1. For the range 97-142, give me each residue that is of a type in the set (S, T, N, Q) and either closer than 18 Å to residue 76 by Cα or surrounded by 14 or more Cβ atoms within 10 Å (Cβ to Cβ) (or both).
2. Name the single residue, out of those in the range 184-194 being surrounded by fewer than 19 Cβ atoms within 10 Å (Cβ to Cβ) and more than 12 Å from the chain's Cα centre (by Cα), that is farthest from residue 218 (Cα to Cα).
3. Return the residues of the range 156-181 that are in a loop (DSSP other than H, G, I, E, B) and more than 18 Å from the chain's Cα centre (by Cα); say none if nothing qualifies.
4. Among (1) in contact with a Leu (Cβ under 6 Å, 6 or more places away or on another chain); (2) among the basic types (Lys, Arg); (3) farther than 26 Å from residue 210 by Cβ, there is one condition residue 97 misses while meeting the rest; what is its number?
5. Tell me, which helices (runs of 4 or more DSSP H) wholly within the range 70-155 include 3 or more residues that are modelled with pLDDT of 80 or more?
6. Restricting attention to the range 40-69, and to residues there that are of a type outside the set (S, T, N, Q), open to solvent by 50 Å² or more (accessible area, probe 1.4 Å) and not in a helix (DSSP H, G or I), which single residue is modelled with the lowest pLDDT?
Amino acid sequence: MWHLIRLELKKGRLTGYIWGSLIAYGVIASLLMLIYFVEGIEGADPVFQSYPDMLFLIDVLIRATFIIYASVLLSKLMINEFRDKTIGLLFAYPINRKKLIAAKLLIVFTWTFLNVIIANLLIDALLILVNSQTGYVTGPLTGELLMEHGINVLMQAFGAAGMSLLPLVLGMRKKSVSATIASSIFIVMIVCSHNLGFSLSSIIAIPLSLAALGIFLTYLSFRNIHQMDVG
């Protein structure tokens, strides 16, 4: 399995996606800094009224970004190969089809999971450091709060990684890249939308249930891959 993963990473030249992730970190951090300073200086009703509010919004933006990002990765690793039928060349080799598909899916799942965690660590630290100098966000930053947030990030990262597979189920029906990406945007709009301080993703059972659904539907989509005609 790990050999197949290494081959996929090498074949797909996915090191370019590392730079994409770093750019995404920078864009998210810049947007949050803009919100922070504009609201902190001019806002009568600031978005960040407390540390929990700030950490929550950071996490929501990060998950939304990388669920959509995962759909692009799925399009590259899966949709394009099935649409162009180049996957048939791989299946012609004496490689277990299920292991090959599992390797591709594990790359996307792990990539999303790690990016959500790493981005949260970096951007949380940046905003907390900036706020320690400016003090726009008031209230205590306790170890208990950080511990609870860390546990929540881990669960939400798993939820985001599982949800990132759902667009593949829809995209594979027509072998469509646009349908895959559009599906991920729709999922983000429903689950990660932040209205009046509330988001469906704040109910942890919802992202975890969607993650389980994504994994289960993906399994159903490829359980008969040995009989699937891709020629």
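1. Taking the range 97-142 as the starting set, the residues that turn out to be of a type in the set (S, T, N, Q) are 110, 112, 115, 120, 131-134, 138, 142.
Listed by number, the residues that qualify are 110, 112, 115, 120, 131.
2. The initial filter retains those residues of the range 184-194 that are surrounded by fewer than 19 Cβ atoms within 10 Å (Cβ to Cβ), namely 185-186, 189-190, 193-194.
When the remaining residues are screened for being more than 12 Å from the chain's Cα centre (by Cα), the result is 186, 189-190, 193-194.
Values: 186: 18, 189: 21, 190: 20, 193: 25, 194: 28 Å.
Checking each candidate, the answer is 194.
3. At the first step, the residues of the range 156-181 found to be in a loop (DSSP other than H, G, I, E, B) are 164-165, 175-176.
Residues satisfying the conditions are 175, 176.
4. (1)
5. Values: elements: 80-83, 87-91, 97-134.
Output list reads 97-134.
6. Of everything passing the filter in the range 40-69, 44 is modelled with the lowest pLDDT.
The values are calculated or read from the model by the stated rules, or taken from the named source; none is laboratory data. Predicted model only: the values in this text are computed from it and were never measured. Neighbour counts run over all protein chains shown; Cβ positions are idealised from the backbone, glycine included. Keep in mind that these areas ignore ligands, DNA and RNA; they rest on the heavy atoms of the full protein, side chains included. Shrake-Rupley method; radii C 1.70, N 1.55, O 1.52, S 1.80 Å.
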